[in-house]
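FYI, it's all coordinate maths here, none of it is from the lab. Not measured: the values here are computed from a predicted model. With ideal geometry, Cβ positions are generated from the backbone for all residues, glycine too; neighbour counts draw on all protein chains shown.
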Amino acid sequence: MAGSPIAFRLDPASGVPTYLQLVQQVEHALVLGYLKPGDQLPKVREAVADLAINPNTVLKAYRELEHKGLASGRPGQGTFVQAGLSQATLPELAGLRRALLEWLADAEAAGLDANAVSAVFASTLRDFSERREAESPRGARKVRGRTAGGAA
Amino acid sequence: MITSTLASAPPSLRRPPAWHRLLWVAWRRYRTTLLGAAALLAVEAVYLVDRGDHMRSAYAAAEACQPRSAANCRFAFENFHDTYANVGFIGALLVWTPALIGVFAGAPLLARELETGTFRFAWTQGVGRLRWLVAHLVPGVLGVAVLCGAFGVLVSWYDHPLNASGIQPRLNSSEFPLTGMAVVGWGLAAYALGVVAGLVVRRVVPALAAGLAVWTGLAFLTAEVLRAHYASPRTTTSQQLAGRDLPIDQWWAHGGVRVSDAQINQALQAIGVQSLDGGGNFRTGPGSASVDPIQYLIAHGYSQWTSYQPASRFWPFQWIEFGWLACLSLLLLAVTFLWVRRRAA
Amino acid sequence: MNILETEALGRRYGGTWALRDCSLAIPEGHLVALVGPNGAGKTTLLNILVGLTGATTGNVSVLGGIPVGSPAALDAIAFVAQDMPLYRHLTVADTLHLTRNLNHDFDGAYARARLRDLGIAEKHRAGKLSGGQQAQLALTLALARHPRLLVLDEPTAPLDPLARHDFMATVMAAMAEDGLSVILSSHGLAELERVADYLVLIAHGVVRLDAPVDDLVARHRVVTGPVGEQNDPRWQVVESTAAGAQQHLLVRLQGPNDHVPDGWESRAAGVEELALAYLRESSVPTPLVPVEASR
């Protein structure tokens, strides 16, 4: 085993939490084909020594990937890719792009400039994600847990 | 909770401390001071051995000269006395040798740790600060004792002809604290004073200065006041003290009662002489008769007393001096130990 | 097991309390950042922790109940003080030998290998090394003791950015490899989010906040909305920035149903942002209840 096909690199100015950057980099690598099922993710110790980040952060990212079903840890050996990301087919992607262009035209007509479009998109995406989280089994557990904590 | 933690502690925790490892630490610490002290003693040895050899030749020549009362023999003795009574320019260095050895070994020990902040490293290592301290103090004390003892032997060897000839009292202030057991005591006191100075002052150079200053004050006090009274002095009316005995005080008495200088002067007015110091020094005036003032006083019922310490008390006094200096040193080191134990930062 | 437990810990120097009423229970396995301005009491707390100074009041124990300063604690804790005290005139080789002789366990092979990798020659005097090299030497000596807790007092303050990166990378790698816990004090906030996963904020001798970073971030949001509108009464406002029409609020969420009303913007709060806000706040905040799902 030569090691992982990918290496991590952080963007310290992006504002995105470190563990999320790691998760995203793995997902992007999967989409772009750098990682295939069975490949090993970078060892915690190496990632930590290269990036000077907390090992618990790497562990958290790997746990997140496990929850998403993308990776699994083998004790004593490391963390390995389990499944690929489902990719939208090319026709689907073309359709999505067309719908988005139409929406952008509407937004421009309403008077939104690029920054405004970005802001609206970001907040709507967040709302969408939060609703999805609450609907998913894990999210429902989280809500139940918080209720218990809040009542205490 | 604690039990389970200790049970899972590495076996090394249950090993006894490795004193030979700590000995290396102490050796490394004292290495430079040791070399400095060795160099100092070497220089002094060269000087003293050379001079001592010459002194022995001169003394042998003077001793061999017969008859003693002849002018040339008396001259030989006087020459010997004049040349060798004073040890020369190295005298000051000799007097301070035990102080230099002790203070330079003791003061930097804690002062440098506190000044540079390395105590934050040394005292958070596994052995802990108390073992660290003991591992430094014990070799320090022993090393200083041995070096000062050796120095004492050198000085006694040098002084032997001077003592034999009776030129100087056995208990004289220049030689006494530099030989025998007293020199070891002075070295230990210098070491302990240095260590405490380092702890209090927390800077190396000022601690050295403070240690030397206090030691010098103590040495001066001892020479001037303390040493002469380790035991009650003996008294005698004899005019001549043995050369090796140490005179302390001299006074006149009449009918068993001590008389003041004023009374002596009153008595001497008859022959026009004034006493200068109540002892044997007189100032003759213009109308003084050619009468020996001392004989005059004795003839009129006065007696001259001298208090002194006999030469035979040399070794008892050596042990007394060592004793109180050693106790002082132990006390100072105990205080240091307790202080370090209680607090560091 | 808690790496550090204190109960109403206090330390007084003369008439001033350098540290007071400090109660902490920090679990093992974290890198704890002890953050606060100069003179806040960080060094005092660390000195008590490593046994260099005693407490005036209160209790303190380390590594699951071991008394501070005891032989077991001294063996298991390695400390690198501010300004990396080293014996300047000793060579690196002598320094290694010295450290070996002052400890029961010392991994000399590890230390020498590390120094070789770093390009630090053993014959050089410690005082002649560069700042970064001295820091690495001090850290190597500490790590070669294979401690269970590494305590660092403002370790990166004198270092240039490259040296700082290398230093922290070494610390983290040791955490990953040995399961080491780390307590690190700093008066700066840069890179906090990358290295710390437990935060203790301290100012004027008082602990203002102590919580895992994950809990902190999960519990807070920065919301932006119009001035004068009804806020959610359950929000605990930590800090607010307001102008005529608009206000930003840094809030601590209380319960599960906290949500942002329509028209309000909301984003997660950054760790540095949170630290600054809590350090500025004048009243002592209530303790942070951990979020269940983060455990």
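Summary table below
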| read-out | value |
| --- | --- |
| Dipole in debye (nearest 20) - the protein assembly as shown, about Cα centre, beta carbon charges: Lys, Arg +1; Asp, Glu -1 | 1920 |
| Projected label distance in nm at C:V206 and B:A213, using a 7 Å step from Cα toward the beta-carbon | 4.5 |
| Quotient of Cα Rg and 2.2 N^0.38 Å for chain B, N being how many residues it contains | 1.36 |
| Percentage relative contact order, chain B, counting C-alpha pairs under 8 Å, at least six apart | 19 |
| Karplus 3J(HN,Hα) series, Hz, for the stretch B:150-160 with 6.51 cos²θ - 1.76 cosθ + 1.60 (x for Gly, Pro) | 5, 4, x, 5, 4, 5, 5, 4, 4, 7, 3 |
| Fewest-first ranking of C:D210, B:D159, using other Cβ atoms within 10 Å as the exposure measure | C:D210, B:D159 |
| DSSP bridge orientation in chain C - percent antiparallel, rounded to nearest 5 | 70 |
| Likely footprinting exposure, B:T33, C:T57, fewest C-beta neighbours within 10 Å first | C:T57, B:T33 |
| Cα-based helix-to-principal-axis angle, C:161-178 vs chain C, degrees rounded to 10 | 90 |
| Theoretical FRET efficiency, 1/(1+(r/R0)^6), r = Cβ-Cβ of B:R342 and B:H20, R0 22 Å, to 0.05 | 0.15 |
| Per-pair calculated FRET efficiency, R0 = 30 Å: B:W319 and B:R56 via Cβ, rounded to 0.05 | 0.55 |
| Whole-angstrom gap from the stretch B:64-126 to the stretch C:1-69, using each part's C-alpha centre | 51 |
| Distance between the stretch B:306-343 and the stretch C:146-180 - C-alpha centres, whole angstrom | 51 |
| Order of C:T170, B:T32, C:T91, B:T124 under a 10 Å beta carbon neighbour criterion, fewest first | B:T32, C:T91, C:T170, B:T124 |
| In the stretch B:77-106, chymotrypsin sites (Phe, Trp or Tyr not before Pro) in a DSSP loop with at most 13 other beta-carbon atoms within 10 Å | B:F89 |
| Where N is the number of residues in chain C, Cα Rg divided by 2.2 N^0.38 Å | 1.12 |
| Estimated Rh, the protein assembly as shown: Kirkwood, alpha-carbon pairs, angstrom | 33.7 |
| R0 of 41 Å, Cβ-Cβ distance A:D106-C:E177: FRET efficiency to nearest 0.05 | 0.15 |
| Mean Cα-pair separation over length for chain C, i.e. relative contact order, pairs under 8 Å, 6 or more apart, % | 20 |
| Selection of trypsin sites (Lys or Arg not before Pro), the stretch A:1-82, meeting DSSP coil and at most 11 other Cβ within 10 Å | A:R9 |
| Nearest 10 degrees, 0 to 90: helix B:91-116 Cα axis against chain B principal axis | 20 |
